[in-house]
Structures are given as C-alpha cells and as structure tokens.
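Structure first, then comments.
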Amino acid sequence: MLLLRQFPPASDNPRSAQIGFIATTWIYNFSFSAACGPLSWIIPAEVFNTTTRSRGVSMATMVSFAVNTMIGQVTPIAMERVAWRYYILFVVCNFTNAGFFWALLPETSKVPLEAMDSLWVEAPWFVPSMRRRDYLEELEREVEEKVGGGKEVA
C-alpha cells in the first residue's frame with residue numbers, strides 16, 4: 001500500500017520500487033494463503049453437523065463467490081477513484097475477521113461432527129471466556145453416550 005502511494009502505477013518508477021512491490025505482493029499472498037485464505041472453506045466444513053453440513057457448505061460457497069464477484073466489479077472503479085486507499089478496506093476487513101474468529105468461533109478440533117449442535121448450544125457467546133477443557137470432557141461424555149449407548153465401545 002505504501003509502495004503504491006509513493007510510486008503510483010502511471011509514473012516512471014525505479015527498478016527497486018518494482019522489485020519491492022512484487023516481493024511484498026508475493027509475501028502477502030503467501031501469508032494470506034497459509035493463514036486466512038483457507039478459512040472460508042475450512043470453517044463451514046467444521047462447524048456444521050452431518051445433517052446440515054452439505055447445505056451449510058453450499059451456502060458458504062455461494063456467499064463467497066457472490067462477494068468475490070462484487071469485489072471484482074468494484075475494484076476497478078475504486079482503484080480509479082481512491083487509488084491506493086482502497087487497500088485500507090482490506091486491512092480493516094482482515095483485522096475485523098481476526099477479531100471475529102478469536103471472539104466468536106469456538107475451537108472445533110477433537111469435537112466430533114455429531115457434537116456440533118451441542119457445541120453451538122452450550123458454548124458461551126464470547127468464546128475466550130469458555131473453559132475448553134471442561135467443555136470438551138462434557139462433549140466427549142455426551143458423544144460416548146449417544147454412540148455407545150452409555151457403554152464402552154471396543
């Protein structure tokens with residue numbers, strides 16, 4: 001963003017600015033692809049139980065493609081009118097998403113799909129206040145009772 005402000009695309013830019021822009025773009029794309037990029041596909045597949053999973057993932061995919069289409073339509077206009085400042089929108093969105101993931105989405109590792117309903121019903125609204133260890137023990141006991149009828153399954 002700073003490179004675009006200092007060296008706008010229409011100007012005669014030095015070679016070092018061009019290399020810097022390419023390097024920062026690659027670094028950003030790599031870090032986004034390794035961290036936040038897959039979340040829009042992983043989270044819907046993790047948070048729905050087996051009954052509603054296909055519908056939930058379908059809806060998430062539809063919303064993702066709709067938003068990506070909107071961004072594709074708006075970006076040329078925004079770049080023409082506000083130039084490099086358009087990227088501030090994405091910075092704000094990334095920080096907002098990070099806060100959302102941290103505050104509102106409970107951890108789903110080691111939680112079976114059959115227990116997702118219980119996870120969403122029993123988890124507190126503000127997830128960092130949840131004592132995960134106690135909650136997982138209760139979920140594991142519930143799943144064991146549902147699957148094994150209360151008896152140990154070999």
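The values are calculated or read from the model by the stated rules, or taken from the named source; none is laboratory data. Since we're looking at a predicted model, the values are computed, not measured. FYI the Cβ positions are ideal-geometry reconstructions off the backbone, even for glycines, and counts take in every protein chain you see.
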Any idea which of (1) without any contact (Cβ under 8 Å) to a residue 60 or more places away in the chain; (2) more than 30 Å from E122 (Cβ to Cβ) is the one W84 doesn't satisfy?
-> (1)
Provide a single number: the residues in region 102-151 that are exposed (fewer than 11 other Cβ atoms within 10 Å of the Cβ), at pLDDT below 75 and touching a helix residue (DSSP H, G or I) at 6+ places or on another chain (Cβ under 8 Å).
-> 2
Quick one: what pairs do we get from region 26-42, first residue free of Cβ contacts under 8 Å to residues at least 12 places away in the same chain and exposed (fewer than 13 other Cβ atoms within 10 Å of the Cβ), second of a type outside the set (G, A, S) and not in a helix (DSSP H, G or I), C-beta under 7 Å, 6+ apart or different chains?
-> none
Options T69, T51: the member that is of a type in the set (V, I, T) and within 30 Å of E140 (Cβ to Cβ) | T51
